[in-house]
Amino acid sequence: MRVGFIGLGNVGAKLAGSLVRNGTETEVLDLDRAAAAPLEARGATWGGSATAMARGCDVVVTCLPSPRAVAAVVEGPGGVLEGLRPGTIWAEMSTNDAEEVKRLAALVIEAGGEAIECPVSGGCHRAATGNIAILAGGPRATFERMLPLLTVLGRRVLHTGPIGTASTLKVMTNYLATANLVTLCEALVTMKAAGLDLATTYEAIAISSGTSFVAETEGQVILNGSRDISFTMDLVAKDIGLFDRIRPGRGRPPGGLAVAGLDLRRRDRPLRPRELVAQRRAPVGGGDRLDIRARASRRRCATTSRRSAARRWWCGGRAAGASGFQHHPNPLRGEGRGRPRAVAKRPPMGADGRCLTVPVRRTV
């Protein structure tokens, strides 16, 4: 099986390296010719163009940074569709929008080829060792054809269903990993401020219920001082945006990353508690925002209403036929503490069930 691999970025170069290392005939292609040099030195060949690769390869893999880049390579001038032969498989390994993958897959199938999506998860270090997880979405027959190749690229392979399911799940896993990384960083900074040793902190996290894949892998990168996980903030913003578009117009909780304090824009200071705004992005022309301050204001109003009702219950008025005013202890104001509740009696009621009191003049 001859494989054409398009996109030699942080992850793509390592995936293509696994193919070359395991003896797979591999053609490579990237906008930066220098990125292909290490692979060519190990036995890969330069593909020339996406069209030429589609004509000469059994499988064409795309692993690119954005849906727009994938669309340009597949259906643009000199793209995969122009050279696609019947039976050639297009394998999309980028983190992409599910609807866009479905659209491009339909074009490939219409041209006589086969399509499958195979996004990966686990980080660059696992991609380099062939130990990465792969989510595969597409027809079962196409999946069976691709399985020998997928087991070279990764260790755990899961068939998720039809085209689109793998991309949806991949975006979700990236969202979870990003949210987990935010909380991990906050935890480490807090422990450092508390005077704890970060190596001990890491070990405590690793053996506790707070551990996670992100804590065990990215935590080491943070603590060794490099802080380089080979993943950029523009890719984080893209993935969060794709996750946010999965359920447009449907009721859903506010974005967890916004609540956690993650602001994808650059800031010169951390978000203050009152600035933690939970919002969600909506299709063009609409949207909604949930402000934590507004919720706090509603809670204060509700609390005030409950206190007012309690005061009206505890504070009696002037009973009919009684002389002077009577005052019942109000525990909300610190009155009657340590005394039995029975001391505070309810005002007298008439035969018709109506209260026989009038509002009282409160004493301090």
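Among the conditions (1) closer than 22 Å to residue 239 by Cβ; (2) buried (at least 17 other Cβ atoms within 10 Å of the Cβ), residue 143 misses just one, which is (1). Across region 146-160, the qualifying residues are those that are out of contact with any helix residue (DSSP H, G or I) (no Cβ under 7 Å at 6 or more places or on another chain) and crowded, with 17+ Cβ neighbours inside 10 Å, and the one among them that is nearest to residue 215 (Cα to Cα) is 154. Scan region 203-214 and give yes if some residue there is under 17 Å from residue 96 (Cα atoms) and either in contact with a Pro (Cβ under 8 Å, 6 or more places away or on another chain) or loosely packed, with under 15 Cβ neighbours inside 10 Å (or both), otherwise no. The answer is no; no qualifying residue exists. Residue-level check: of (1) more than 26 Å from residue 13 (Cβ to Cβ); (2) surrounded by 14 or more Cβ atoms within 10 Å (Cβ to Cβ), residue 171 misses just (1).
I need a count of the residues in region 130-168 that are without any contact (Cβ under 8 Å) to a residue 40 or more places away in the chain and either part of a helix (DSSP H, G or I) or of a type in the set (Gly, Ala, Ser) (or both). The total comes to 13.
Residues in region 21-31 that are part of a strand (DSSP E or B) and not acidic (Asp, Glu) were compared, and the one that is surrounded by the most Cβ atoms within 10 Å (Cβ to Cβ) is 28.
Per the listing 80, 101, 73, 61, the residue uniquely hydrophobic (A, V, I, L, M, F, W, C), at pLDDT 95 or above and in contact with a Pro (Cβ under 9 Å, 6 or more places away or on another chain) is 101. Selection over region 1-20 of residues that are free of Cβ contacts under 8 Å to residues at least 60 places away in the same chain and either closer than 16 Å to residue 148 by Cα or not in a loop (DSSP other than H, G, I, E, B) (or both) gives a count of 6. Residues that are over 33 Å from the mean Cα position of the chain (by Cα) and under 8 Å from residue 4 (Cα atoms) within region 23-57 comprise 26, 27, 47, 53, 54, 57, listed in sequence order.
The values are calculated or read from the model by the stated rules, or taken from the named source; none is laboratory data. Treat the numbers as computed from the prediction; the structure is a model and nothing was measured. Don't worry about glycine lacking a Cβ; one is built from the backbone with ideal geometry, like all the others, and counts go over all protein chains shown.
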